[in-house]
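The values are calculated or read from the model by the stated rules, or taken from the named source; none is laboratory data. Computed from a predicted model, the values in this text were never measured in an experiment. Every residue, glycine as well, gets a Cβ built from its backbone with ideal geometry; the counts of neighbours run over all protein chains shown.
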Amino acid sequence: MQKILSFLLTKIPLSLRRITAVLYVGLITWLSLTGPQNLPNLSFFNADKLAHLSAYFGLVVLLYWSVGNNARGRLTVYPVVIATAWGIFMELAQYLLTSARSFSWLDALANAAGCVLAAWVWSVLPGISKKDTL
């Protein structure tokens, strides 16, 4: 596991990491604004909230990864704030721009929970030093 983390944090160019994060934001945007008929039918209890949590967990991890060691420890909260704000913005966009989707505070809360969980996991992963992240 340590070798994989080391490879991901040191060998993949920062530009490729940033492109990956931008593409992921595009994917979240498309999934948020497309009609539910185009999405997979998840039928277990609270599957929708788990999907929101997972999507924004992934976004925060990619944001941390895409920053690299440029920030030197002073911007650790920004990926969480940016991703949480994007989640709220996507909920508003669903309400304002689509007829098939609506705003949900519970979805926004699940998005924020995924962001905070990702920050916590990123901070406790072995082999990730503060200089490798933010």
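Pairs linking a residue in the range 31-54 that is more than 17 Å from Leu97 (Cα to Cα) to a residue that is modelled with pLDDT under 75, with Cβ atoms under 8 Å and 6 or more positions apart or on different chains, are Asp48/Leu42; Leu50/Leu42; Ala51/Leu42. Count of the range 73-114 residues, restricted to those that are polar (S, T, N, Q) and free of Cβ contacts under 8 Å to residues at least 12 places away in the same chain, is 2.
Restricting attention to the range 19-52, the residues being in a helix (DSSP H, G or I), closer than 20 Å to Gly87 by Cβ and modelled with pLDDT of 80 or more number 19. Scanning the range 90-103 for residues that are more than 17 Å from Leu53 (Cα to Cα) and in a loop (DSSP other than H, G, I, E, B) returns Thr98, Ser99, Ala100, Arg101, Ser102.
Only one of Val81, Val61 is in a helix (DSSP H, G or I), surrounded by 15 or more Cβ atoms within 10 Å (Cβ to Cβ) and at pLDDT 75 or above; which?
Details: Val81 fails: surrounded by 15 or more Cβ atoms within 10 Å (Cβ to Cβ).
The conditions single out Val61.
Name the single residue, out of those in the range 104-129 being over 15 Å from Leu63 (Cα atoms) and outside any helix (DSSP H, G or I), that is modelled with the highest pLDDT. Please lay out each step first, then the result.
Let us first name the residues in the range 104-129 that are over 15 Å from Leu63 (Cα atoms), namely 104-110, 113, 124-127, 129.
Next, from what is left, pick out any that are outside any helix (DSSP H, G or I): 104, 125-127, 129.
On the way: Ser104: 91, Leu125: 72, Pro126: 58, Gly127: 56, Ser129: 51.
Ranking the candidates gives Ser104 first.
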